[in-house]
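One structure is given below, encoded as structure tokens.
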Amino acid sequence: MNNRKRAVIIILIVLGAMLLSLAANLIISAVQKSAHPIRYESYVEVYSSQYNVPEYIAYAVINTESGFDASLESATGERGLMQMSPEVFTLISSEQHLDEKIDAAALFDPEISIRYGIYYLRCLFNEFQSWDTAIAAYSAGEDTVNEWLDNLKYSKDRKNLIKIPEKETAAYVKRVNDAISYYKTTYYRNGVSVK
């Protein structure tokens, strides 16, 4: 085989490898996007803006809580896209001073679930001043997180958790943070949507 044929074969092999690599990256990207979709955009945009919660955090919580299944009800009674309990819903809907009484069954409605879920995230952030702590409280409850913050084994400054003692909550916070990272890098640049 002469040098010219050898060079052509090498070039074809390199090009083939580059095409395979590109195809693999496109497939991986498509799979990741299907695992981290953007749905209910109009509701997320409106209520994220209204309550000053980054959209990518709202999407990450929805994805982690329900996988965007609006009809989901957990064994413990949390409902809808953001898996809110009727008790929390009743509490925060009374804080909203609504003219009309909304039944907790409305949590299966995507707009209601997103509106109140994002509002609750904002309330938790206002209380804890940290998204990680707010996300832990979204899962474990405010009282539980306040107990952890008061324990020097879990918080040195009573503001930030250095360790989450409950494995389920620790895993939840990690899953949400992983989803936040994906949503933020895939769909947002400098906090601005590139969807």
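The values are calculated or read from the model by the stated rules, or taken from the named source; none is laboratory data. Predicted model, so just to flag it, every value in this text is computed and none were measured. In this analysis, Cβ positions are derived from the backbone assuming ideal geometry, glycine residues included, and neighbour counts consider all displayed protein chains.
Looking at the stretch 64-92 only, could you name the residues that are in a helix (DSSP H, G or I) and within 15 Å of residue 44 (Cβ to Cβ)? Passing the criteria: 64, 65, 66. Out of everything in the stretch 124-176 that is assigned to a helix (DSSP H, G or I) and of a type in the set (Lys, Arg), what residue ends up being surrounded by the fewest Cβ atoms within 10 Å (Cβ to Cβ)? By that ranking, first place goes to 167.
In summary, residue 85 fulfils each of the numbered conditions (1) closer than 30 Å to residue 185 by Cβ; (2) surrounded by 16 or more Cβ atoms within 10 Å (Cβ to Cβ); (3) out of contact with any helix residue (DSSP H, G or I) (no Cβ under 7 Å at 6 or more places or on another chain) with the single exception of condition (1). Taken together, the criteria place residue 59 among residues that are touching a residue at least 60 places away in the same chain (Cβ under 8 Å), under 16 Å from residue 138 (Cα atoms) and part of a helix (DSSP H, G or I).
For the criterion of being closer than 26 Å to residue 186 by Cα, crowded, with 16+ Cβ neighbours inside 10 Å and in contact with a Gly (Cβ under 8 Å, 6 or more places away or on another chain), residue 57 fails.
Evaluation of residue 162 against the conditions (1) aliphatic (A, V, I, L, M); (2) within 23 Å of residue 74 (Cβ to Cβ); (3) free of Cβ contacts under 8 Å to residues at least 12 places away in the same chain shows that the sole unmet condition is (2). Being within 30 Å of residue 189 (Cβ to Cβ) and at pLDDT 70 or above, is that true of even one residue in the stretch 90-111? Yes, there is a match, as at least one residue in the stretch 90-111 is within 30 Å of residue 189 (Cβ to Cβ) and at pLDDT 70 or above. The listed residues are 48, 34, 42, and the only one of them that is at pLDDT below 65 and either part of a helix (DSSP H, G or I) or more than 14 Å from residue 181 (Cα to Cα) (or both) turns out to be 34. Looking only at the stretch 139-163, residues that are farther than 26 Å from residue 63 by Cβ and among the hydrophobic types (A, V, I, L, M, F, W, C) come to 3 in all. Among the residues of the stretch 99-123, the one identified as among the aliphatic types (A, V, I, L, M) and not in a helix (DSSP H, G or I) is 102.
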